[in-house]
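Following: one structure in structure tokens, then a few remarks.
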Amino acid sequence: MLTASKLSKFYTDVTAVRNVSLTLEPGRVMALVGASGSGKSTLLNLLAGLSDADMGEVRLNGDRIPGPSDVLVPGHNDIRLVHQEYQLMPNVSIRENIAYALRFFEKDYRDYRVNELLKLCRLTDIQDRIPRHVSGGEKQRTAIARAIADKPAVLLLDEPFSHLDLPNRLLVRDLLFDLVRHEHTSCLFVTHDATDALSVADTLGILRDGKLIQLGSPIDVYRQPLTAYAARMTGPVNILKAKHLPTLRLPESSDPESLICLRPEQIKLVDDGVPGIVQAVYFKGSHYEIDVAISRYVFLRLLTTHDTMQVNQEVNVVIQEKAVWQLKS
Ligand SMILES: Nc1ncnc2c1ncn2[C@@H]1O[C@H](COP(=O)(O)OP(=O)(O)OP(=O)(O)O)[C@@H](O)[C@H]1O
């Protein structure tokens with residue numbers, strides 16, 4: 001188990017990581033979602049022992065992870081960090097890239113383990129190609145295979161989905177599922193896009209300005225975000241002042257200036273409800289997103305599978321009271 005306690009990292013003019021505490025458990029996936037500059041990479045480097053914390057500490061199974069100023073070779077054998085650039089050896093095959101991580105093991109075991117990893121990471125068919133001749137998704141999976149080859153306790157990934165197309169994102173998502181189950185690795189990845197994090201993570205954290213502002217199950221963070229930032233980072237959302245609730249035929253709030261959030265899928269089109277006019281229709285494949293003006297001040301985005309929606313069409317919406325979630329800021 002990896003625990004970070006009250007980690008902080010200061011640069012001259014910015015606090016990149018502020019007082020972050022978290023625990024990574026074996027066989028579990030944690031995702032941290034944050035905008036650019038929120039401190040994701042800095043935090044990963046601190047967790048991997050690749051950067052010195054100014055305050056706080058990281059422990060693996062109780063032992064303190066030293067920073068680079070304490071050791072000759074920075075990093076820890078049981079903690080691996082997969083960078084966005086993959087950092088593969090360009091002139092040797094995918095198979096040899098993975099086998100290199102096992103160079104100190106006996107050949108029989110090395111061959112057995114490399115075959116196992118090629119299968120787990122769906123790389124068997126392209127194992128003899130060099131990195132230049134494989135796709136970005138295959139490079140990403142090779143980097144993951146190499147990182148977990150000698151069964152580290154902790155796998156950290158920097159934006160593992162960001163450069164990949166949809167089929168490859170699904171493959172990497174399934175791979176993370178499989179590897180934590182088969183290898184009982186503790187896994188943490190950081191991302192600026194919560195789409196994949198919601199489905200793959202057991203725990204989801206929201207990073208803002210270096211601070212871990214919320215940590216919980218993906219369902220809880222999605223449905224009960226603490227702040228407007230957490231709501232927006234986890235998916236499409238309507239954020240309104242509570243004073244507009246009566247316009248939506250919902251009970252008044254005691255604090256009209258406070259913010260509330262409503263997820264688009266919680267707003268239903270009905271025959272008899274709050275009237276509105278469709279402002280825009282966005283085709284999304286499995287459904288449409290539509291923007292509806294309820295008044296001069298209230299606009300809602302909602303989802304529908306109706307194929308006939310048109311701009312300027314009159315519609316009626318209904319929102320259940322329990323769908324309204326009060327934000328803290
Ligand atoms: N070596 C450094 N010196 C000074 N400031 C730094 C350094 N590294 C990072 N920062 C600052 O710390 C903050 C956090 O940076 P970090 O790279 O960790 O964010 P990030 O969430 O990973 O961003 P991105 O998603 O764009 O990679 C930013 O304001 C950044 O400018």
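Looking at the structure I just gave you, is A231 within 23 Å of L204 (Cβ to Cβ) and either in contact (Cβ under 8 Å) with a residue 24 or more places away in the chain or not basic (K, R) (or both)?
Considered against the rule, which asks whether it is within 23 Å of L204 (Cβ to Cβ) and either in contact (Cβ under 8 Å) with a residue 24 or more places away in the chain or not basic (K, R) (or both), A231 comes out as yes.
Is it the case that L179 is in the same structural domain as P26 (by TED's automatic domain parsing) and touching a Leu at 6+ places or on another chain (Cβ under 8 Å)? Full working, then the answer.
On the way: in the same structural domain as P26 (by TED's automatic domain parsing): yes; touching a Leu at 6+ places or on another chain (Cβ under 8 Å): yes.
The answer is yes for L179.
Filter segment 186-200 down to the residues that are within 15 Å of L44 (Cβ to Cβ) and open to solvent by 10 Å² or more (accessible area, probe 1.4 Å) and list them by number.
The answer is H192, and nothing else.
So which of R181, R169 ends up being assigned to a helix (DSSP H, G or I) and over 28 Å from G285 (Cα atoms)?
R181
Looking at this structure, is L300 part of a loop (DSSP other than H, G, I, E, B) and open to solvent by less than 30 Å² (accessible area, probe 1.4 Å)? Give the derivation first.
On the way: part of a loop (DSSP other than H, G, I, E, B): no; open to solvent by less than 30 Å² (accessible area, probe 1.4 Å): yes.
Criteria not met by L300.
Sort through L155, L102, L171 and tell me the only one that's in contact (Cβ under 8 Å) with a residue 12 or more places away in the chain and either among the small types (G, A, S) or open to solvent by 40 Å² or more (accessible area, probe 1.4 Å) (or both). Quick ask: steps written out before the conclusion?
Details: L155 fails: either among the small types (G, A, S) or open to solvent by 40 Å² or more (accessible area, probe 1.4 Å) (or both); L102 fails: either among the small types (G, A, S) or open to solvent by 40 Å² or more (accessible area, probe 1.4 Å) (or both).
Residue meeting the stated conditions: L171.
Considering segment 296-307 alone, what residues qualify as being modelled with pLDDT of 95 or more and more than 19 Å from Q320 (Cβ to Cβ)?
If the condition is that a residue be modelled with pLDDT of 95 or more and more than 19 Å from Q320 (Cβ to Cβ), then F299 is the only one that fits.
Quick check on my filter: what residues within segment 271-297 are part of a loop (DSSP other than H, G, I, E, B) and open to solvent by 20 Å² or more (accessible area, probe 1.4 Å)?
If we filter segment 271-297 for residues that are part of a loop (DSSP other than H, G, I, E, B), which is where we start, we get 271-273, 284-287, 294-297.
If the condition is that a residue be part of a loop (DSSP other than H, G, I, E, B) and open to solvent by 20 Å² or more (accessible area, probe 1.4 Å), then D271, D272, K284, G285, S286, H287, I294, S295, R296, Y297 are the ones that fit.
Starting from segment 1-16, keep only residues that are in the same structural domain as P152 (by TED's automatic domain parsing) and among the charged types (D, E, K, R), then list their pairs with residues that are away from the ligand (no atom under 15 Å from the Cβ) and open to solvent by 90 Å² or more (accessible area, probe 1.4 Å) whose Cβ atoms are within a distance under 6 Å, requiring at least 6 positions of separation or different chains.
Here the result reads none, with nothing in segment 1-16 linked to a residue that is away from the ligand (no atom under 15 Å from the Cβ) and open to solvent by 90 Å² or more (accessible area, probe 1.4 Å).
The values are calculated or read from the model by the stated rules, or taken from the named source; none is laboratory data. All values derive from a computational prediction rather than experimental measurement. Cβ: placed from backbone, ideal geometry, glycine included. Neighbour counts: every protein chain shown. For the accessible areas, the whole protein counts, side chains as well, though only heavy atoms, and no ligand, DNA or RNA atoms are used. Shrake-Rupley method; radii C 1.70, N 1.55, O 1.52, S 1.80 Å.
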